[in-house]
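**Student:** Here it is, the structure, as structure tokens.
The values are calculated or read from the model by the stated rules, or taken from the named source; none is laboratory data. Please read these numbers as outputs of a predicted model, since none were measured by experiment. Every residue, glycine among them, receives a Cβ derived from its backbone with ideal geometry; neighbour counts consider all protein chains shown. Areas reflect the complete protein model, heavy atoms only, side chains present, ligands, DNA and RNA absent. Shrake-Rupley method; radii C 1.70, N 1.55, O 1.52, S 1.80 Å.
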Amino acid sequence: MATTRSAPHAPAGDAPAFADERVALFRADFPILGRSVNGVPLVYLDSAATSQTPLGVLEAERHFYKHENAAVNRGSHTLAVEATDTFEAARATLAGFLGALPEEIVWTSNATEGLNLLAYSFSNASLGRGGQAARRFALQPGDEIVVTEMEHHANLIPWQELAFRTGATLRFIPITDDGELRLDEAERIIGDRTRVLAVTHASNVLGTINPVVDLVALARRVGALVLLDACQSAPHLPLDLHALDVDFAVLSGHKMLAPTGIGVLYGRRELLDAMPPFLTGGSMITTVTMEQAEYLPAPHRFEAGTQRVSQAVAFAEAVRYLEAAGMDRVRAWDSQLGQRLVEGLADLDGIRVVGPEAGRERIGLAAFDVDGVHAHDVGQFLDDRGIAVRVGHHCAQPLHRRLGLTATTRASTYLYTTTDEVDAFLSAVAEVRGYFGVTS
Amino acid sequence: MSELDSLYQQIILDHSKARQGSGLATEPAPVGARLGESHQINTTCGDEVTVRVAVVDGKIEQIRWDGDGCAISMAAASVISELGEGEGVGELRAKIETFRELMRSRGTVEADEDVLGDAAAFSGVSKYPARVKCAMLAWVAVEHALAEAEA
């Protein structure tokens, strides 16, 4: 199986994928997977949009409210101390999972908030906030922010807005027709003017896994900061942010078995400590006068106001679940199902899969166009069979424009997805064009 | 008829392929007509339609449109194009309102084929709330375009 250049994670296939019996055990932890829709069993193939949540994670949140709930990082009574310990232990769990230090983990509501936090902190630095130490985050006309053509809107629009506010220029690295980054172009575009490189680790549409090590090397050469959007990689690949040597990373809990409303912004400690805050208020200060305030070091300087404590606790339980499953094996399983999706779809007439062709490395998803049938109609047909997929532009309009499409249908897998489900999906897709009377 | 078949009735599939009134550039607007145009986007799926209406003495002479989208949205544009031409502005407005009520009915309203013609075939759409916007897209565009033509 082909692998992406010099990505620091081992190629898929060195850890065994799950046995079907193991997947059946996972499924027992997700009662929702046992329900039916439209009178047929649910086939959930939309985990890239949001994953399902196992009972243990639900129980962790419930347990916190039943036994430990109190305001964290501000009270001195026993319950407050216990709640704070639990909250900070959750942070340490995430740090361990991501190969980072606890001080480098900032809770956010999701990856989108993490990206906006960064963009607004850079914006504040550009206005002179944070003083000399924050100059490295300040942007001005002539500076460049570089993204890629395959970004989710969440890793595009905050940078567009930052460019508008600071006068910096936004540039992008184009992709090949096979949905891989043009590294030759990256080398040309990432230059002396580049201050920020914001790139997705794995594409939510193409399934491509980007060569982070190569991109970081290009950015280091010119002293640019690197932000990694790990939304689609953290749930599916072992991740070691220190080893990847990125400056910042964002991810969303709800895509990796946790509830909605909780995410993480990772930042190298010395960067976070030098960066001016975005949201300000309670719990993020040392001293406050009527005129001004001094701020706590990271991570608390970025956590103004009451935090999502129970969700953080649940998120920690979710990553313990993933660790117990083994992230190398999760990767192997997703990779195997991803290949099965691509190979199966490629065999069908009138189907165009976007992204790397069969045999090339991809995460457990495949987005495709059905000739003559709009994605919305494909999704409706599949839903009638109980199959839940995502249709539309998947928050990546520029990418779809590049591919010459307005919408695609996307199937995505996770550790609880069975081979039978993938096959049921493929059989249903095979019938779509006939149903809609498309023959050519 | 299965639920899915009631959504995708043959009339709808036919209209989605042989699109009546499709092509803004294929035929110029009648000389002397009052023109109105509207561009509508379904933000959830990216479907879009641009509709142009030409009104002469309170009567709709022509409805032309360009669009890209699902079978439901394209068929709905085709149907209103066919249904609207030759109608008085007031009459078509009333039909749009009738269609809107049908779409919002969640399957509780019986479509009157005498009033809605081929549009009656969309009654199955009302049971799929996520698709009602698709069906309404071109109809809302016509409504806006009429308002512009009459302004």
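**Student:** Being within 14 Å of another protein chain (Cβ to nearest Cβ), touching a residue at least 40 places away in the same chain (Cβ under 8 Å), assigned to a helix (DSSP H, G or I) and buried (at least 24 other Cβ atoms within 10 Å of the Cβ), is that true of even one residue in region A:338-348?
**Tutor:** no
**Student:** Within region A:29-44, track down each residue that is assigned to a helix (DSSP H, G or I) and free of Cβ contacts under 8 Å to residues at least 24 places away in the same chain.
**Tutor:** Within region A:29-44, A:I32, A:G34 meet the criteria.
**Student:** On to the next question. Does region A:303-319 contain at least one residue that is of a type in the set (D, E), over 27 Å from A:A83 (Cα atoms), surrounded by 22 or more Cβ atoms within 10 Å (Cβ to Cβ) and within 21 Å of the chain's Cα centre (by Cα)?
**Tutor:** no
**Student:** How many of the residues making up region A:94-135 are more than 19 Å from the chain's Cα centre (by Cα) and within 22 Å of A:A293 (Cβ to Cβ)?
**Tutor:** 17
**Student:** Give all pairs with beta carbons closer than 9 Å in which a residue from region A:181-193 that is under 22 Å from A:L206 (Cβ atoms) meets a residue that is open to solvent by less than 10 Å² (accessible area, probe 1.4 Å) and polar (S, T, N, Q); count only pairs at least 6 apart in sequence or on separate chains.
**Tutor:** Correct list of pairs: A:L181/A:T148; A:L181/A:T208; A:L181/A:N210; A:A186/A:T148.
**Student:** Look through A:V23, A:V106, A:V72 and report the one residue that is more than 14 Å from every other protein chain (Cβ to nearest Cβ), β-branched (V, I, T) and either assigned to a helix (DSSP H, G or I) or surrounded by fewer than 19 Cβ atoms within 10 Å (Cβ to Cβ) (or both).
**Tutor:** Of A:V23, A:V106, A:V72, the one residue that is more than 14 Å from every other protein chain (Cβ to nearest Cβ), β-branched (V, I, T) and either assigned to a helix (DSSP H, G or I) or surrounded by fewer than 19 Cβ atoms within 10 Å (Cβ to Cβ) (or both) is A:V23.
**Student:** Do you know which residues across region A:370-379 are within 9 Å of chain B (Cβ to nearest Cβ) and of a type in the set (D, E, K, R)?
**Tutor:** Residue satisfying the conditions is A:D377 alone.
One line per residue, one yes/no per condition, for (1) modelled with pLDDT of 95 or more; (2) open to solvent by 10 Å² or more (accessible area, probe 1.4 Å):
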site: B:D114; (1), (2): no, yes
site: B:Y128; (1), (2): no, yes
site: B:R131; (1), (2): no, no
site: B:V140; (1), (2): yes, yes
site: B:A145; (1), (2): yes, no
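**Student:** For region A:247-283, name all the residues that are farther than 11 Å from A:F302 by Cβ, more than 15 Å from the chain's Cα centre (by Cα) and open to solvent by less than 10 Å² (accessible area, probe 1.4 Å).
**Tutor:** A:D247, A:L271
**Student:** Test each condition in (1) open to solvent by 10 Å² or more (accessible area, probe 1.4 Å); (2) within 11 Å of chain B (Cβ to nearest Cβ) for A:L382 and report the one that comes out false.
**Tutor:** Status for A:L382: all satisfied but (1).
**Student:** Using the structure shown, decide if A:E88 is open to solvent by 30 Å² or more (accessible area, probe 1.4 Å) and in contact with an Asp or Glu (Cβ under 6 Å, 6 or more places away or on another chain).
**Tutor:** Spelling it out, it is not the case that A:E88 is open to solvent by 30 Å² or more (accessible area, probe 1.4 Å) and in contact with an Asp or Glu (Cβ under 6 Å, 6 or more places away or on another chain).
**Student:** Which of the residues spanning region A:45-55 are open to solvent by less than 40 Å² (accessible area, probe 1.4 Å) and either free of Cβ contacts under 8 Å to residues at least 12 places away in the same chain or over 23 Å from A:A111 (Cα atoms) (or both)?
**Tutor:** Of everything in region A:45-55, nothing turns out to be open to solvent by less than 40 Å² (accessible area, probe 1.4 Å) and either free of Cβ contacts under 8 Å to residues at least 12 places away in the same chain or over 23 Å from A:A111 (Cα atoms) (or both).
**Student:** Which one is surrounded by the fewest Cβ atoms within 10 Å (Cβ to Cβ), of the residues in region A:182-206 that are hydrophobic (A, V, I, L, M, F, W, C) and over 11 Å from A:V147 (Cα atoms)?
**Tutor:** Among residues in region A:182-206 that are hydrophobic (A, V, I, L, M, F, W, C) and over 11 Å from A:V147 (Cα atoms), the one surrounded by the fewest Cβ atoms within 10 Å (Cβ to Cβ) is A:L183.
**Student:** Take the residues in region B:72-107 that are in contact with a Ser or Thr (Cβ under 8 Å, 6 or more places away or on another chain) and loosely packed, with under 14 Cβ neighbours inside 10 Å, then tell me which one is farthest from the other protein chains (Cβ to nearest Cβ).
**Tutor:** B:R104
**Student:** Among the residues of region A:385-408, count how many are in contact with a helix residue (DSSP H, G or I) (Cβ under 6 Å, 6 or more places away or on another chain), within 11 Å of chain B (Cβ to nearest Cβ) and assigned to a strand (DSSP E or B).
**Tutor:** Going through region A:385-408 one residue at a time, the tally reaches 2.
**Student:** Which one of these is within 28 Å of A:A375 (Cα to Cα) and part of a strand (DSSP E or B): B:I72, B:I41, B:I80?
**Tutor:** B:I41
**Student:** Just for region B:16-48: of the residues that are open to solvent by less than 70 Å² (accessible area, probe 1.4 Å) and within 12 Å of another protein chain (Cβ to nearest Cβ), which one is modelled with the lowest pLDDT?
**Tutor:** B:C45
**Student:** Okay, next question. Would you call A:L322 among the aliphatic types (A, V, I, L, M) and either in contact with a Cys (Cβ under 7 Å, 6 or more places away or on another chain) or in contact (Cβ under 8 Å) with a residue 40 or more places away in the chain (or both)?
**Tutor:** The answer is yes for A:L322.
**Student:** So, one more: Report yes if A:R362 is touching a His at 6+ places or on another chain (Cβ under 9 Å), open to solvent by less than 40 Å² (accessible area, probe 1.4 Å) and of a type in the set (K, R), otherwise no.
**Tutor:** When the stated conditions are applied, A:R362 does not pass them.
**Student:** Sticking with this structure for a sec: For region A:304-324, indicate whether the set of residues that are more than 24 Å from A:Q232 (Cα to Cα), polar (S, T, N, Q) and not in a strand (DSSP E or B) is non-empty.
**Tutor:** Checking region A:304-324: at least one residue is more than 24 Å from A:Q232 (Cα to Cα), polar (S, T, N, Q) and not in a strand (DSSP E or B).
**Student:** Restricting to region A:416-440, what's the tally of residues that are under 29 Å from A:V23 (Cα atoms), in a helix (DSSP H, G or I) and either of a type in the set (S, T, Y) or open to solvent by less than 10 Å² (accessible area, probe 1.4 Å) (or both)?
**Tutor:** 7
**Student:** Something else about it: Being among the acidic types (D, E) and in contact with a helix residue (DSSP H, G or I) (Cβ under 9 Å, 6 or more places away or on another chain) is the filter here, so list the residues in region A:33-84 that pass it.
**Tutor:** A:E59, A:E61, A:E68, A:E82
**Student:** If you don't mind, there's one more thing I want to ask. Mind counting the residues in region A:409-440 that are in contact (Cβ under 8 Å) with a residue 60 or more places away in the chain and either of a type in the set (F, W, Y) or within 14 Å of chain B (Cβ to nearest Cβ) (or both)?
**Tutor:** The number of residues fulfilling the criteria is 9.
**Student:** So if I check each of B:V49, B:V109, B:V31, B:V53, which one is outside any helix (DSSP H, G or I), out of contact with any Phe, Trp or Tyr (no Cβ under 8 Å at 6 or more places or on another chain) and closer than 27 Å to A:F381 by Cα?
**Tutor:** Sole residue among the options that is outside any helix (DSSP H, G or I), out of contact with any Phe, Trp or Tyr (no Cβ under 8 Å at 6 or more places or on another chain) and closer than 27 Å to A:F381 by Cα: B:V109.
**Student:** Here's a follow-up. Can you spot a residue in region B:51-68 that is within 25 Å of B:V115 (Cα to Cα), open to solvent by 10 Å² or more (accessible area, probe 1.4 Å) and within 14 Å of chain A (Cβ to nearest Cβ)?
**Tutor:** The answer is no; no qualifying residue exists.
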